[in-house]
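The values are calculated or read from the model by the stated rules, or taken from the named source; none is laboratory data. As the structure is a computational prediction, the values presented were derived from the model and not from experiment. Note: ideal-geometry Cβ built from the backbone for every residue, glycine included; neighbour counts use all protein chains shown.
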Amino acid sequence: MALLQVSDFQSFSEVRGQILPVKRRHLVDRTNHYNFGSKTQEFAVPPGVEPSGFLKSCNRDGGVCIEMNHGTTTLAFKFRHGVIVAVDSRASAGRYLASNDVNKVIEINPYLLGTMSGSAADCQYWERLLAKECRLYRLRNNHRISVAAASKLLSNMMLGYRGMGLSMGSMICGWDKEGPGLYYVDDNGTRLSGRMFSTGCGNSYAYGVVDSGYREDMTVEEAYELGRRGIAHATHRDAYSGGVVNKTADVLGLSHTIISKVCIEWSEKVKIIQLTAAG
């Protein structure tokens, strides 16, 4: 995608576009997307209807109920050696458990990661476009984009589509020349920087565990264990979170390590310890 845009190559679908009276080409047979190069918003919207107005009309008062139920738990925190990202792997569609094997950590580039919370389709689509824009930045400037700049790009994307029904709460984290970086971006365009974030319906449980054990001078092994305990507690208490704990570390910007641990194994160990203490 990035190389096609830099070379100004027209795909077959673009050539087949509909010619308008003012000699402008209107694409009708491909999904459009946000384009920072042309400074224009290119996104498929219902013809003849203003999207935000249409969504406001689909409320409870009008007799139509559009309510998307989501369930997940993701957390990330910075420490002395880098950034730890821990997520569950359950995908739910309302009350239906769709999958227990979803990777909610999206690699934007070897130095940047994004998490999924909200609508899986929205998170995957927009973070894929963010990956394209980060690649374009590298090609044009001959150096990789910073974590702060990447999160700002995603925030600008979301701000342009505020009120149009997107559902996304993502953490953008990685390593650059400033050190470890962690930002939270949601579908309203909100962008926050911090040392610790947790998103999803199980975030309150994860916050309680991580807050109680967080230290800036943790070792890598201690950070792994803290992230695992935070997600495991959340999946134990939250009905919409579960599966396995996927942990990703960006330590000194050198490599990513992913470790999966089945939550039920950890829960059984907790029960054994509790029974031993009670006995």
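In this entry, T190 is excluded by the filter for residues that are in contact (Cβ under 8 Å) with a residue 12 or more places away in the chain, β-branched (V, I, T), in the same structural domain as L226 (by TED's automatic domain parsing) and closer than 25 Å to R229 by Cα. Can you find a residue that is of a type in the set (A, V, I, L, M, F, W, C) and within 18 Å of E178 (Cα to Cα) anywhere in segment 97-107? Looking through segment 97-107, none of the residues is of a type in the set (A, V, I, L, M, F, W, C) and within 18 Å of E178 (Cα to Cα). Restricting the first member to segment 78-99 and to residues that are at positive phi, and the second to residues that are at pLDDT 85 or above, the beta-carbon pairs closer than 7 Å and six or more apart or on different chains are G82/W175; G82/P180.
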